[in-house]
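Quick notes on the structure that follows.
The values are calculated or read from the model by the stated rules, or taken from the named source; none is laboratory data. These numbers were taken from a predicted model, which means no experiment stands behind them. Positions of Cβ are backbone-derived with ideal geometry, glycine not excepted, and every protein chain shown enters the neighbour counts. Side chains included, ligands, DNA and RNA excluded: accessible areas come from the protein's heavy atoms. Shrake-Rupley method; radii C 1.70, N 1.55, O 1.52, S 1.80 Å.
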Amino acid sequence: MPQDRCFCARLPQPKAQKAVNHSAPVRAQLQHDATSQSRVYRPGCGLPKRGTPWNGSAPISRCGLCTRPLDLCSCTPTATPGRQASKAVPLQSGTSTPSTCLEPLSRTSSFTDLCEQVDASIFKLCFFAPFGTKGDLLPLFYGAVAAVVTDGADVLIACQPCFADMITERMSRALGFKLVDRKHLQFPGRCNKYSWSGSHSTLKRETEGMRTVEFSMEKVVYGSSSGGRLAFVWAQPAKGSCNETDYQQAFSVNGDWGKIDYGEFIGNWQGCVGYMKKYELARDAKFVTSHFERPSYVEKLDEAMGIESALILRLGSLGLSDPFAHLSDHRYYYAMSATIAPKAIPFSSMTVFPHPDIKKNGVLTEQTDIFEPLPLPADIAAFLDRMPTVAVTISSFGELNNVSKMFPYSPKFQVLFIGSSCGRNKNADRGPNHLHYGDMLDLDAVVFQKAALIVHGCGAGTCHQVARSGKPSVGLSGFLEQECNGMALERLGISRHFTLKSLYNDRSVESDLSELIVSFFHSQATFADPEKLLEVQRAIQHEETSAHHAFRQKLSQLARS
């Protein structure tokens, strides 16, 4: 913005911050802030970004409407061709139509005003995670955070509102990020009505045409010391939901997979995406999504929601059965481990052997130089230090309460059930040396390192964490993809695997699980090869060093396309 309108020099001197454990970009920014004569860079202002010394010269020329640099602005005749005009701001709470334009900043503008106007500027990257569990969202989230920190990118993430608390907790531990704006918006969305046939896996558009659905949306924006921004939107329509729990039934190993009102769910996302494309995203914005459906369904779902995925992350092992997975120039990106990926996928009608040339780019995980570890509660730390511990984490579909009853009692070991609701259930497991904890814990940094044995649900992300810990494990799978993951770890010689269905329907299998756990602590023999555990651990650690770099390279190629 013009220098006579810039108020950054009048911002208060920032408090001294410790640079311990900060990444190099964050440390550089803190040093720059401390020596810039009270001039602190904020996204959208005229001060130079990290790495550019402040010498009192004129600031970057910026648009008086959207505050972005003129070479990126779409509000003036000098805008880059092909960019969407962005003269509208998001709706304020209680309004039905958006404002028509942004007012130029005045000398009396507050920092809050600046945040609101910068918040209204457009994004060229949208990470879209409308489907699945947290395991389908977190790799996208970690990849977006790394892109913002390392490359100074501006990224908008749209996901289900049920994940808002999880995202907020992780951003509270992200170094170099500051919450700059939070607002509740209301808007009308136009969408079709769809119906979903689960038996034939078909999505059908109803003939009654478009309808209007009122949405309420929470938008949260974080600024990064690198100059990038990370924004989140969680939308909730007045009818139906953009929330997974409203269309997906609780999982049962003895029943069919069921989805409720899936068509309603897709239509609601169509209305939400229409709003984002009009007021939040550039015309040439790229959508990065994660999908667990087969490729033919992905095309239909994208078309129904009104997007075109420029990059599709395949996170689960079933994605290895894609017929074109070995083609390196395709828009599908396989964010999975080459070390522990399944070698065979036993579908009911056939067994698929993944193509050996599929490029597995590594799992996108929480980076320790960006995220501080989650503090371990004192009572959990004391429990883990008492005696050898079995750490049990089976987060998928609430099966942990049933599984907990199968664990034997012994004076030689104890069991920690993570993410368990048994503490609120009067009829739940109350065995000695059994502790049920219902909140989140830092599995990587603390729990898995202190546990002697890990029992897990064979999710792709959890298998990666278990292999990285170097600890022996027992996998309990609920459906085909988890079964493939558990069998892959067993073939490597670092784990044992059981299916939940066999545990529930065959008492002898339940006895085998109990005897396996008891013998692990009562005898010197172990089912996991220590040398193989160390070999796999080192391979996983090596993959992690290149996973985020490979993903950022893919995003750079995407931006140039």
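In this entry, Arg283 is excluded by the filter for residues that are touching a Ser or Thr at 6+ places or on another chain (Cβ under 8 Å), charged (D, E, K, R), over 20 Å from Leu492 (Cβ atoms) and modelled with pLDDT under 90.
Looking at this structure, is Glu214 surrounded by fewer than 20 Cβ atoms within 10 Å (Cβ to Cβ), in a strand (DSSP E or B), of a type in the set (D, E, K, R) and in contact with a His (Cβ under 9 Å, 6 or more places away or on another chain)?
Details: surrounded by fewer than 20 Cβ atoms within 10 Å (Cβ to Cβ): yes; in a strand (DSSP E or B): yes; of a type in the set (D, E, K, R): yes; in contact with a His (Cβ under 9 Å, 6 or more places away or on another chain): no.
In short, no.
Apart from one condition, Gly493 fits all of (1) touching an Asp or Glu at 6+ places or on another chain (Cβ under 6 Å); (2) more than 22 Å from Lys532 (Cβ to Cβ); (3) in a loop (DSSP other than H, G, I, E, B); the exception is (2).
How many residues does region 259-303 hold that are among the small types (Gly, Ala, Ser) and farther than 21 Å from Ala153 by Cα?
Initial filter on region 259-303 (among the small types (Gly, Ala, Ser)): 263, 267, 271, 274, 282, 285, 290, 296.
Then keep just the ones that are farther than 21 Å from Ala153 by Cα; that gives 263, 267, 271, 274, 296.
Of the residues in that region, 5 qualify.
Are there any pairs, at least 6 apart or on different chains, whose C-beta atoms fall under 9 Å, with the first in region 339-351 and closer than 27 Å to Gly470 by Cβ and the second basic (Lys, Arg), and if so, which? Taking only residues 6 or more apart or on different chains, the pairs are Thr339/Lys360; Ala341/Lys360; Pro342/Arg491; Lys343/Arg491. Taking strands (runs of 3 or more DSSP E) as the structural unit, those lying wholly within region 149-197 and holding at least 3 residues that are within 12 Å of Val221 (Cα to Cα) and at pLDDT 90 or above correspond to 154-159, 177-191. Being out of contact with any helix residue (DSSP H, G or I) (no Cβ under 6 Å at 6 or more places or on another chain) and surrounded by 14 or more Cβ atoms within 10 Å (Cβ to Cβ) is the filter here; which residues of region 500-511 pass it? Scanning region 500-511 gives Leu500, Lys501, Tyr504.
For region 530-561, filtering for residues that are in contact with a Leu (Cβ under 9 Å, 6 or more places away or on another chain), at pLDDT 90 or above and loosely packed, with under 15 Cβ neighbours inside 10 Å leaves 1. Contact map, region 284-312: residues that are more than 23 Å from Arg552 (Cα to Cα) paired with residues that are open to solvent by 10 Å² or more (accessible area, probe 1.4 Å) and assigned to a helix (DSSP H, G or I), Cβ distance under 7 Å, separation 6+ or inter-chain. Pairs shown: Ala304/Gln270; Met305/Gln270; Gly306/Gln270; Gly306/Gly274. Restricting attention to region 512-525, the residues that are assigned to a helix (DSSP H, G or I) and open to solvent by less than 70 Å² (accessible area, probe 1.4 Å) total 8.
Screening Phe163 with (1) hydrophobic (A, V, I, L, M, F, W, C); (2) surrounded by fewer than 16 Cβ atoms within 10 Å (Cβ to Cβ); (3) out of contact with any Asp or Glu (no Cβ under 8 Å at 6 or more places or on another chain) gives one miss only, at (2). Pairs linking a residue in region 152-167 that is in contact (Cβ under 8 Å) with a residue 60 or more places away in the chain and of a type in the set (Lys, Arg) to a residue that is open to solvent by 20 Å² or more (accessible area, probe 1.4 Å) and outside any loop (DSSP other than H, G, I, E, B), with Cβ atoms under 9 Å and 6 or more positions apart or on different chains, do not occur. Taking the numbered list (1) out of contact with any helix residue (DSSP H, G or I) (no Cβ under 6 Å at 6 or more places or on another chain); (2) touching a residue at least 24 places away in the same chain (Cβ under 8 Å) in turn, Ser172 passes all entries but (2).
Take the conditions at pLDDT 95 or above and in a helix (DSSP H, G or I) and apply them to Val509. Does it pass?
Values: at pLDDT 95 or above: no; in a helix (DSSP H, G or I): yes.
No, not satisfied.
Kindly evaluate Ala528 against the criterion of being under 30 Å from Tyr332 (Cα atoms), aliphatic (A, V, I, L, M) and not in a strand (DSSP E or B). No: the conditions fail for Ala528.
Would you check if Gly438 is surrounded by 17 or more Cβ atoms within 10 Å (Cβ to Cβ) and not charged (D, E, K, R)? So that I can check it myself, show each step before the final result.
Numbers: surrounded by 17 or more Cβ atoms within 10 Å (Cβ to Cβ): no; not charged (D, E, K, R): yes.
It is false that Gly438 is surrounded by 17 or more Cβ atoms within 10 Å (Cβ to Cβ) and not charged (D, E, K, R).
Number of residues in region 442-461 that are out of contact with any Asp or Glu (no Cβ under 8 Å at 6 or more places or on another chain) and either part of a helix (DSSP H, G or I) or open to solvent by 10 Å² or more (accessible area, probe 1.4 Å) (or both) equals 10. Restricted to strands (runs of 3 or more DSSP E) entirely inside region 264-372, no element has at least 2 residues that are open to solvent by 20 Å² or more (accessible area, probe 1.4 Å), of a type in the set (Val, Ile, Thr) and out of contact with any helix residue (DSSP H, G or I) (no Cβ under 7 Å at 6 or more places or on another chain). Close contacts from region 395-410, counting a first residue that is under 22 Å from Ala460 (Cα atoms) and at pLDDT 75 or above and a second that is open to solvent by 20 Å² or more (accessible area, probe 1.4 Å) and assigned to a loop (DSSP other than H, G, I, E, B), with Cβ to Cβ under 6 Å and a gap of 6+ residues or different chains, come to none at all. Residue count for region 470-487 under the criterion of being in a helix (DSSP H, G or I) and open to solvent by 10 Å² or more (accessible area, probe 1.4 Å): the result is 6.
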